[in-house]
1. Distance between the C-alpha centers of the range A:65-135 and the range B:365-383? Whole Å please.
2. Once you sort the root eigenvalues of the Cα gyration tensor of chain B as a ≥ b ≥ c, which label holds: rounded (a/c under 1.5), prolate (a/b larger than b/c) or oblate (the other case)?
3. Assign one of three labels to the range B:298-390, namely rounded, prolate or oblate, based on the Cα gyration tensor with a ≥ b ≥ c the square roots of its eigenvalues; rounded applies when a/c is under 1.5, prolate when it is not and a/b is larger than b/c, and oblate otherwise.
4. For the range B:221-269 and the range B:163-200, what is the centre-to-centre distance using only Cα atoms, to the nearest Å?
5. Sum -39500 (n - 2.57) across every DSSP H segment of at least 4 residues in chain B, then divide by the residue count to get the 222 nm mean residue ellipticity, nearest 500.
6. Roughly how big is the B-A contact, given as buried accessible area in Å² (both sides, 1.4 Å probe, nearest 100)?
7. Return the lysines within reach of B:Lys356: Cα separation strictly under 30 angstrom, same-chain partners fewer than 8 residues apart disregarded; answer none if there are no such residues.
8. Would you mind telling me which residue in B:Phe293, B:Phe380, B:Phe178 has the biggest mean-square fluctuation in a Gaussian network model of chain B, where springs connect alpha carbons within a distance under 10 angstrom?
Amino acid sequence: MSRPRSSRAALRRKAAWRWLARSTLALAGALLMLFQATAEASGAAAETAAVPGMERQRQLVHMVRQECGSCHGMSLQGGLGPALLPADLQEKSAEGLAATIYHGRHGTAMPPWQRFLTEAEATWIVERLLAGFPE
Amino acid sequence: MRRLLVLFFVTLLLGCASTAPTAPRATGDLVLIIERASGHVTLASTTSRQPYARIGGLGDLSHASAVYSRDGRYAYVFGRDGALSKIDMLEARVVKRVVQSGNAIGGSISQDGRIVVAQNYTPGGIKAFDAETLELLSEVPAEYAPGQFSKVVGLADTAGNKFAYALFEAGEIWVTDFSNPRQPQTQRFPAGKNPYDGLVTPDGRYFMAGLFGEDGIALLDLWQTDRGARKILQNYGRGEERLPVYKMPHLRGWTMAQGKVYLPAVGRHEVLVVDATTWQEVGRIPVRGQPVFVMARPDGRQIWVNFSFPDYSKIDVIDTLQGKVVSQLEPGKGILHMEFTPRGEHVWLSARDDHKILIYSTETLTQIGDIKADAPSGIFFSSRAHRIGF
């Protein structure tokens, strides 16, 4: 990344940053208050909303075993694509893995699956993979 | 004394069993069906169109494939978990089983039928076994640079006990000569970025490797290997953004028909048509999804195309005379594989999620029978015993 060359540009940038930081803080504060209020009202609803229903879970397990399995192996021990067993994923960030499922990895054979699942479902799949994927 | 008596009766019984008249059975019309989820294979007859045996305990059979001994009696099944099982098609039992690698992706049998070669992902490379005993004869690690191993794809047998295959990470085609099976000799050819599968033409002359990392096919003339591999169908994608590929296409020698080669495009819903003398593109046929198998009926009049997820319940049938899709079928859920009877009157389709093999007439394009199977994938007819490159 290029650094600001002239001092005027540097000043302008500094001011912009200060403004950005201040407004972000204010916004975050407001959001926090709002969140606390709704969280108290709805309990753990935000968390359970991300978990797919039983029928959908069954579909997702089938999809991972069968469709993902055509590259990663039905037992997820790897094939043309890498192995997806808990030990293989330990070092990786869960968020990054969910993004890989959802968006694919450009320049590799991993396609985006966003046509077939939501981001929350991708996150659920990653959690299950890390814990040992259901049969 | 009692023991002797028991032994006497057992011997008597066995004697009776072995001399009892049983009708001899031939192997020309047999089929082995992979049931990928449960580690089973079902054996059936393509004449009666009925199963006659089911064998279990074969491990992880996702993406499993099989080749046959030259007499069609034994099937060699390559499991995903690296197991190689030799199955007696007549006695319907596993004769021998070895776990030969951590992760395998198929195999092939030599022209003389004496060597079975397995291709492996981990550790990347190929291994040669005695077809009779499954004793390991030699191995060729796919070490393309010091300490760098590649996954092996597209292994196919060619004339002179040679095997051609491609290296996914290395982007190379290798040809290994097993005429001295314990001391194989390997030639290497640059091919292109990320070959995903390969095929040998039905005459055994050309090896083709489909490329995933770039638009094109690598072509090697096995009669003139000194000329090296060249690229055909370069830039067939015309620089356009690719559609997502949810399953890699599969190549084999069934792709030739009437002097042309019909190939699955990667990232395009098209079948590419190449003239097999000039190797120039002569057409492309739009189809309803990402093609996986583009398979010619043995006479070359029809090409049947199945698709990757999510279009894998469809089949498009191309008429080669008209050069276009003439029939759009929806035979069942999750059509993973197809196999034609040797003279082409029927085609067997595996419908994974319907847990059935569907048998279709290629004349009327209607279903004439089915066989129950647990999540079936590959269908392998014993007639493969007599084809090179399978």
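The values are calculated or read from the model by the stated rules, or taken from the named source; none is laboratory data. Keep in mind that this is a model prediction, so the values were computed, not measured. Note that each Cβ is placed from the backbone with ideal geometry, even for glycine, and that neighbours are counted across all protein chains shown. Note: accessible area is taken over every heavy atom of the protein model, side chains too, but ligands, DNA and RNA are not part of it. Shrake-Rupley method; radii C 1.70, N 1.55, O 1.52, S 1.80 Å.
1. Computed from Cα coordinates, the inter-centre distance equals 31 Å.
2. Values: a/c = 2.02, a/b = 1.34, b/c = 1.51.
Judged from the Cα gyration tensor, chain B comes out oblate (a/c at least 1.5, b/c at or above a/b).
3. On the way: a/c = 1.58, a/b = 1.10, b/c = 1.44.
The shape class here is oblate.
4. Computed from Cα coordinates, the inter-centre distance equals 17 Å.
5. Working: 1 runs with 18 residues, N = 390.
Using -39500 (n - 2.57) per qualifying helix, the result is -1500 deg cm²/dmol.
6. Values: alone 16910 and 10370 Å², together 25380 Å².
Chains B and A together bury roughly 1900 Å² of accessible area.
7. Cross-link targets: B:Lys86, B:Lys96, B:Lys247, B:Lys314, B:Lys324, B:Lys333, B:Lys372.
8. B:Phe178
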